[in-house]
Amino acid sequence: MPAMADPVARLNPAQHAAVNHLRGPCLVIAGAGSGKTRVIVHKIARLLDAGYAPSQVAAITFTNKAAAEMRERARALVGPRAAKELVVSTFHALGVRLLRAEGEHLGLKPQFSILDADDVLGLLKDAGGTTDVGLARRWQALISGWKNLGRRADTVEPGNDDEAVAQRVMQRYEERLAAYQAVDFDDLIGLPCALLARDADVRARWQDRLRYLLVDEVQDTNPLQ
């Protein structure tokens, strides 16, 4: 690996403290444009300097554009070889990576399909026996909300008649996803969470694989993320 730039050069005292905090959780609170991403990139370099392998460090953000920018900034600081091994991605891309590797424990083949919003809408219309797009979109919103709370159809407690119908549609929708070897965007977060919670061997494997986790814009995360 090429010699790194000084990972704490040109940082203010608060940034320096965050970069050098390597044991236990660290929450950085700062306004827009104050250098939070810079702290993450320099902390990556600090972690490598402390002996972590690049493949053991994950930096997670919300958009592909932000992940690409972070990857390029890390590459400039630690060099192309180390940067290539870093896990720099969105939450959903990390979920895909985990499911491709471990999906068999959930009954998924490695080449499962990922449905886009239009695919989901069509499947919900089929599951609910309707051609009403507006109704299907309401089901879609309810089901997505439930999934983002970590619920499956059999754990949803409907609060009214509309939710009761949506729950029944959700049950049929889940059956179709399983039959088609497919997942939706919400599943890319929910399924890895469920798997890590219930399977100690998988959890230990990924705890060993990703030893240090850095999250950009953590205030925007939902409970499952």
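The values are calculated or read from the model by the stated rules, or taken from the named source; none is laboratory data. Note that the structure is predicted; figures quoted are calculated from it, not measured. Note that each Cβ is placed from the backbone with ideal geometry, even for glycine, and that neighbours are counted across all protein chains shown. Note: accessible area is taken over every heavy atom of the protein model, side chains too, but ligands, DNA and RNA are not part of it. Shrake-Rupley method; radii C 1.70, N 1.55, O 1.52, S 1.80 Å.
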Non-local amide H neighbours of Ser113 (under 5 Å, H modeled in plane, Pro and chain starts lacking H): which ones?
Ala182, Val183
For a label point 7 Å along the Cα-to-beta-carbon line of Ile29, residues of region 40-84 with backbone N under 20 Å
40
With all protein chains present, how much of the accessible area of the chain (probe radius 1.4 Å) comes from carbon and sulfur, to the nearest whole percent?
50 percent
Could you tell me the calculated FRET efficiency between Ala117 and Asp201, based on Cβ-Cβ distance and R0 = 35 angstrom, to the nearest 0.05?
0.55
Between Ala93 and Ala76, what length in nm is gained on full extension when 0.36 nm per residue of separation is reduced by their alpha carbon distance?
3.9 nm
Residue-by-residue Karplus 3J(HN,Hα) for region 133-147, coefficients 6.51, -1.76, 1.60, Hz, glycine and proline x
5, x, 5, 4, 5, 5, 4, 4, 5, 5, 5, 4, x, 5, 5
Filter the trypsin sites (Lys or Arg not before Pro) in region 19-113 down to the DSSP loop ones having no more than 16 other Cβ atoms within 10 Å, then list what survives.
Arg23
How far apart, in nanometres, would the label points at Arg176 and Asp162 be if each is projected 7 angstrom from Cα along the Cα-to-Cβ direction?
2.1 nm
If R₀ is 35 angstrom, what is the calculated FRET efficiency for the pair His105 and Val133, using the beta carbon separation as r and rounding to 0.05?
0.50
What is the distance in Å between the Cα centres of region 113-132 and region 207-224?
31 Å
Could you tell me what a quarter of the Cα convex hull surface of region 1-160 works out to, in nm² with one decimal place?
13.6 nm²
